[in-house]
């Protein structure tokens, strides 16, 4: 007789606990419902403020992240961790929006001079480019499972009559190797130097225009690399060379960089050439004297990409095209008006304007940039 009574007590305790749980759930729901509209309004307001604080560069960067995320969703079966990749895309987009929103808040507080937020707001694009390039190692077979190097090898042979990377080995010498590695390394400096010159002069519109040229050129190249995977002569011709390219300190630096950050794939078009070409055009537009300093280095760098066995000649031509398209499209976009958020004191968006007399298609209003 004790067992039924014990079960009765237990059932009663369960019923009481269940009823108390319902009450607590109802109270929580009421609290959430009462606070929900305010929270939603706050979230929408912050998101709208972050978007309004974005310049053209951010809109291009976020657009690329959106397009690549859609491609990841469509071709998820070809990837190992598609959800993780999309999560990283979302995280990067959130960081960009937070930086823009924080910088806009600082401006509305009266902090119009250079601050830490201002610094990161201006220089994070270089980290964004690095993230996108390293990510290509996971996205290179997003659409096609096989490599397309044979097509580029055939093009190079049709154009030159040889396999250029293999043929150039006959000229290998430690001094020439070191010079070519230096030329290859110079790629990392072009946009940094141009950005530093414009940043120091506080020519914000020209600064963000140069970043936008590169962002568009890189984005075009990354999307092409997803659709047309190429692994580069370094992998295709492995074992066919007679030895490594011996050199000095620049050779050692490049070897270290390649060892830590080499991406297997994404060779077509050459992002080295695309980024250098976009920066070269940016120097032509905003600092003409810097263009003439860059030009011989960029020319040598284009040759070095083939000499150091990282690219086909076709990669170089394609990089020139995407870098130039980045400049042309970027100039057009920078002429488009963007809504200006209150408190944005810097010219981080462009407005339609009458071109200068000596710059018929210019997107920079400062006459001294021609010096």
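The values are calculated or read from the model by the stated rules, or taken from the named source; none is laboratory data. Because the structure is predicted, anything quoted here is derived from the model rather than measured. Positions of Cβ are generated from backbone atoms using ideal geometry, with glycine treated the same way; all protein chains shown enter the neighbour counts.
Residue 162 versus (1) outside any helix (DSSP H, G or I); (2) buried (at least 16 other Cβ atoms within 10 Å of the Cβ): which is the lone unmet condition?
The number of the failed condition is (2).
Out of all the residues in the stretch 86-102, is one or more exposed (fewer than 14 other Cβ atoms within 10 Å of the Cβ), on the phi > 0 side of the Ramachandran plot and not assigned by TED's automatic domain parsing to the domain that holds residue 316?
No: the stretch 86-102 contains no residue that is exposed (fewer than 14 other Cβ atoms within 10 Å of the Cβ), on the phi > 0 side of the Ramachandran plot and not assigned by TED's automatic domain parsing to the domain that holds residue 316.
Residue 216 is checked against (1) modelled with pLDDT under 95; (2) in contact with a helix residue (DSSP H, G or I) (Cβ under 8 Å, 6 or more places away or on another chain) and fails just one. What number does that condition carry?
Here residue 216 meets the rest and fails (1).
Could you tell me which of the residues 292, 281, 241 is in contact (Cβ under 8 Å) with a residue 24 or more places away in the chain and part of a helix (DSSP H, G or I)?
The match here is 281.
Matching residues to (1) closer than 20 Å to residue 58 by Cβ; (2) touching a strand residue (DSSP E or B) at 6+ places or on another chain (Cβ under 6 Å); (3) at pLDDT 85 or above:
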position	(1), (2), (3)
71	no, no, yes
77	no, no, yes
82	no, no, yes
85	no, no, yes
88	yes, no, yes
91	yes, no, yes
96	yes, no, yes
108	yes, no, no
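Looking only at the stretch 185-225, count every residue that is under 27 Å from residue 142 (Cβ atoms) and in contact (Cβ under 8 Å) with a residue 40 or more places away in the chain and tell me the total.
17
Just wondering, is there one or more residues in the stretch 82-100 that are part of a helix (DSSP H, G or I), free of Cβ contacts under 8 Å to residues at least 24 places away in the same chain and under 20 Å from residue 318 (Cα atoms)?
Among the residues of the stretch 82-100, not one is part of a helix (DSSP H, G or I), free of Cβ contacts under 8 Å to residues at least 24 places away in the same chain and under 20 Å from residue 318 (Cα atoms), which makes the answer no.
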